[in-house]
Amino acid sequence: IKRNLVYIVLFSLSFSSIITYIIDRLDNVYHSADEVGKYINLPILGLVPFFKFEPKDIFELDAKEKANPKNDLLKDQNYFIFQETFRNIFTSIKFSNIDKEIKTISLTSTIPEEGKSMIAIFLAINIAEISKKVLLIDTDLRRPSLHQKLNVDNVIGLSNCLVNSNSNWKDFVIEHEKIRNFSYMTAGKVPPNPVRLLESQKMKDLIKNVKNSNEYDLIIF
């Protein structure tokens, strides 16, 4: 009986080790930022935890802060962590290149609806709150969503600016009515060939003109 028990224990340990090894080899999910950094061999600028905030919540908090600076909602620990998260990312962006000032950044994602628009909005809002002028441009011409999250119209925007040869980019920039130092440009009408429009010389000139205008501390695409 003792010998059989030893066999059973050894077999169980061996079998569980094999199963664990197979599961680990088949696991294609990143469990930490360190794993991502090790795989892509690039520096990690920041880690954004899960929040239940929406842009409208930030605008409401901003209005309540002006009305009542002692509002309990603003003392919420999650909101403090939320603010510090994006300010730390902005600091990482600034220190990622010490030879020259970074004025333009582009946010992208691997698949649609991964949250790049939300990250871009929250990053812009938090940078604007520290007295930095920010311009957010929606360059997702396939599935524009900036206007939906900011609850504004998308009648004219980036695509309209690019197809109109006589247009001035400043005419398509809108200052947010609730957040100081925060301006945005929606995507505009969805074009039949977004890639061609984004790779055009007009787009390159637009980026250059916005950057050289020195009206904004940071431009987020």
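Calculate how large, on average over all directions, the projected area of the Cα convex hull of segment 159-200 is; give the answer in nm² to one decimal.
Mean orientational projected area (segment 159-200, Cα hull): 3.6 nm².
Where Lys and Arg each count +1 and Asp and Glu each count -1, what net charge lies around Ser167 among other residues with Cβ under 13 Å from its Cβ?
Working: positive: Lys170, Lys202; negative: Asp171, Asp205.
Value of the local net charge: 0.
With Cβ to Cβ distances under 9 Å as the rule, what net charge do the other residues near Gly157 carry (K, R +1; D, E -1)?
Taking every other residue near Gly157 into account, the sum is 0.
What angle, in degrees between 0 and 90 and rounded to the nearest 10, separates the Cα long axis of helix 55-67 from the longest principal axis of the Cα atoms of the chain?
For 55-67 against the chain, the angle is about 70 degrees.
Angle between the Cα long axis of helix 116-128 and the longest principal axis of the chain, 0 to 90 degrees, nearest 10?
Long axis of 116-128 versus the principal axis of the chain: about 60 degrees.
Obtain the nm distance between the two label points defined at Phe11 and Val190 by a simple spin-label model: each point lies 7 Å from its Cα along the Cα-to-C-beta direction.
6.0
May I ask for the equivalent-ellipsoid semi-axes of the chain, computed as the square root of five times each C-alpha gyration tensor eigenvalue and listed largest first in whole Å?
Over the Cα atoms of the chain, the semi-axes work out to 44, 24, 17 Å.
Roughly what would the spin-label model give for Ser92 and Thr20, points 7 Å off Cα along C-beta, in nm?
Taking the simple label geometry, Ser92 and Thr20 are separated by 3.1 nm.
Set the Förster distance to 35 Å, then compute FRET efficiency between Arg142 and Lys100 from the Cβ-Cβ distance, nearest 0.05.
Given R0 = 35 Å and the Cβ-Cβ separation, E is 0.65.
Counting Lys and Arg as +1 and Asp and Glu as -1, each charge on the Cβ, what is the dipole of the chain about the Cα centre in debye, to the nearest 20?
320
May I ask you to derive the relative contact order of the chain, considering only C-alpha pairs under 8 Å and at least 6 residues apart, and to give it as an integer percent?
Once normalised by length, the contact order is 21 percent.
Specify whether the C-alpha gyration tensor of segment 94-221 places it in the rounded, prolate or oblate class, a ≥ b ≥ c being the square roots of the eigenvalues: rounded for a/c under 1.5, otherwise prolate if a/b is larger than b/c and oblate if not. Could the numbers behind the result be given before it?
On the way: a/c = 1.35, a/b = 1.22, b/c = 1.11.
Verdict is rounded for segment 94-221.
Any of Lys103/Lys170; Lys52/Lys170; Lys103/Lys202 with alpha carbons more than 22 Å apart? Name them for me. Kindly include the intermediate steps, with their values, before the conclusion.
Working: Lys103/Lys170 17 Å; Lys52/Lys170 33 Å; Lys103/Lys202 19 Å.
Exceeds cut-off: Lys52/Lys170.
Just the accessible area per residue of segment 152-204, please: how many Å² with a 1.4 Å probe?
Spelled out: the 1.4 Å probe surface of segment 152-204, per residue, equals 62 Å².
Antiparallel DSSP bridges in the chain: what percent, to the nearest 5? Please report the intermediate quantities before stating the final value.
Numbers: 2 of 11 bridges.
Bridges in the chain that DSSP calls antiparallel: roughly 20 percent.
The values are calculated or read from the model by the stated rules, or taken from the named source; none is laboratory data. Keep in mind that this is a model prediction, so the values were computed, not measured. Cβ: placed from backbone, ideal geometry, glycine included. Neighbour counts: every protein chain shown. The area values use the complete protein model at the heavy-atom level, side chains included, leaving out ligands, DNA and RNA. Shrake-Rupley method; radii C 1.70, N 1.55, O 1.52, S 1.80 Å.
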